[in-house]
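Undergrad: I have a structure I would like to understand better, so I am pasting it below and will then ask my questions one at a time.
Every read-out reported here was derived from the displayed coordinates using simple, explicitly stated rules and does not represent laboratory data. If you're wondering where the values come from, they're calculated on a predicted model, not measured in any experiment. Glycine gets a Cβ as well: all are built from the backbone with ideal geometry, and neighbour counts include every protein chain shown.
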Amino acid sequence: MDNFDSWNNLKKTINEVEIPQVNFPIPQEVWMCIVGKNIGFEQNGSGSNFSRPVLVIKKFNNKMYWVISLSTKQKSVDFYYNFTDPQENHVSVIIAQMKLVSIKRMKRKIYKMNDTDFLCVKNILKKFLD
């Protein structure tokens with residue numbers, strides 16, 4: 001229960017933060033995002049600010065984004081897309097973990113995914129939506 005209480009207090013603080021006016025995320029970028037303490041099999045953030053890397057899929061405006069959580073655990077299942085990031089780390093995009101987030105959760109850009117991998121992720125996502 002302790003983690004939920006910590007997350008709830010942090011969430012209140014995040015909500016009060018003013019939206020920055022520069023460096024808005026764009027599709028194909030990987031950002032550190034405060035995703036929180038979640039329920040069941042939803043991907044949690046880690047550390048004291050409950051954050052994890054996410055891939056920006058769609059920008060609706062400067063305040064709302066579709067993102068997908070990333071993991072360092074690679075799996076051979078149809079809703080994981082495994083790739084190697086620019087630092088040569090093995091990473092997975094967990095397609096089933098797409099969610100809408102506020103700019104207030106986005107902390108910093110980490111890198112931009114290469115064109116080929118991003119196109120593959122979008123194609124897998126389109127198949128899931130059919």
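Undergrad: Distance from the Cα centre of region 94-130 to that of region 73-93, in angstrom?
TA: 12 Å
Undergrad: Next question, about the same structure. Stretched out fully, how many nm does the piece from E88 to K104 gain, at 0.36 nm a residue minus the Cα gap?
TA: 2.9 nm is the gain from fully extending E88 to K104.
Undergrad: A further question on this structure: Can you give the local net charge around I110? Use residues other than it whose beta-carbon is closer than 12 angstrom to its beta-carbon, Lys and Arg +1, Asp and Glu -1.
TA: The answer is +3.
Undergrad: Order these peptides, 74-80, 110-116, 99-105, 28-34, by their mean beta-carbon neighbour count within 10 angstrom, highest first.
TA: With the highest mean Cβ count within 10 Å placed first, the list reads 28-34, 99-105, 110-116, 74-80.
Undergrad: Now for a separate question. Cross-link list K63/K126; K104/K127; K63/K104; K99/K122; K63/K112: which exceed 18 angstrom alpha carbon to alpha carbon?
TA: K63/K126; K104/K127; K63/K112
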